[in-house]
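The values are calculated or read from the model by the stated rules, or taken from the named source; none is laboratory data. Nothing here was measured: the structure is a model prediction, and the numbers come from that model. Note that each Cβ is placed from the backbone with ideal geometry, even for glycine, and that neighbours are counted across all protein chains shown. Side chains included, ligands, DNA and RNA excluded: accessible areas come from the protein's heavy atoms. Shrake-Rupley method; radii C 1.70, N 1.55, O 1.52, S 1.80 Å.
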Amino acid sequence: MERTGDLLNVVDVEATCWEGAPPPGAVSEIIEIGLTVVDLGTGGRVGRHRVLVRPVRSAVSAFCTELTGLTQAEVDTGLGFAEACRLLAAEHRAGERPWASWGDYDRHQFTRQCGATRTAYPFGRRHTNAKAVFTGAYGLRRRPGMAQALQVAGLPLEGRHHRGEDDAWNIAALVLALDARGAWPQAE
């Protein structure tokens with residue numbers, strides 16, 4: 001039986017982006033949600049998920065495709081944003097489980113997009129900024145990017161950087177390394 005207190009959702013999103021300013025009328029929208037379920041009780045990554053999200057107020061730029069590998073044709077097959085949020089809540093218990101991301105960008109992007117689209121926020125209040133925890137645990141002066149943190153921790157970068165599914169998987173490895181050091185905050 002699943003003990004909710006031991007499970008943590010690690011989330012990483014990719015969003016539409018441009019090399020410079022967005023085109024007139026375009027806003028940054030989530031196009032991929034990567035989610036890795038971590039079992040802090042066993043020290044393992046127990047689920048790896050990817051949700052493609054169809055943007056409605058922007059398009060995938062050539063710069064975005066180069067960065068993430070995601071194309072407009074690929075994200076056109078995705079779910080609507082509200083449907084993706086419902087999926088997170090229903091299938092991944094996003095409102096019940098604590099969750100983590102690398103920095104606060106992902107949390108802020110969900111907050112902005114939920115507000116702009118009048119979509120129910122899918123997550124609970126128990127969010128941990130894994131970048132801040134890592135920085136403190138390793139005594140660093142500056143907060144490192146995920147790829148740099150993996151190097152500091154002696155862990156490999158698995159998959160493609162700036163791909164939500166792969167980044168969530170890698171962030172989950174960092175969370176587990178922090179937990180093994182006794183540096184991951186304990187659930188309330």
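Just a few scattered comments:
- The GluC sites (Glu not before Pro) of region 76-178 meeting both criteria, a DSSP state outside H, G, I, E and B (loop) and at most 14 other C-beta atoms within 10 angstrom of the site's C-beta, are Glu96, Glu158.
- Acute angle (nearest 10 degrees) that the helix 81-92 long axis makes with the longest principal axis of the chain, alpha-carbon atoms: 20
- Gain in span if fully extended, Gln148 to Tyr105, counting 0.36 nm per residue against the direct Cα distance: 13.7 nm
- Computed helical MRE - 222 nm, the chain, DSSP H runs ≥ 4 contributing -39500 (n - 2.57), nearest 500: -10500 deg cm²/dmol
- Across every pair of non-identical alpha carbons in region 73-163, the mean reciprocal distance, once inverted, gives a Kirkwood radius of 15.1 Å.
- Inter-part distance where region 124-188 and region 1-58 are each reduced to a Cα centre, Å: 15
- Peptides 173-181, 19-27 ranked from most to least packed by the mean count of surrounding Cβ atoms within 10 Å: 173-181, 19-27.
- Computed E for Glu19/Val56 - FRET, C-beta separation, R0 22 angstrom, nearest 0.05: 0.50
- Cα-based helix-to-principal-axis angle, 164-180 vs the chain, degrees rounded to 10: 20
- Between Arg112 and Arg126, full extension at 0.36 nm per residue minus the direct alpha carbon distance yields a gain of 3.2 nm.
- The residues of the chain expose on average 49 square angstrom of accessible surface per residue, using a 1.4 Å probe on protein heavy atoms.
- Debye log10 I(q)/I(0) at q = 0.17 Å⁻¹ for region 21-77, Cα point scatterers: -0.63
- Segment Leu140-Arg86, length gained on full extension (0.36 nm per residue, minus Cα span): 15.7 nm
- Rounded percent of accessible protein surface that carbon and sulfur make up, the chain, 1.4 Å probe: 50
- With Rh defined as the Kirkwood radius, the inverse of the mean 1/r over Cα pairs, the Rg/Rh of the chain is 0.96.
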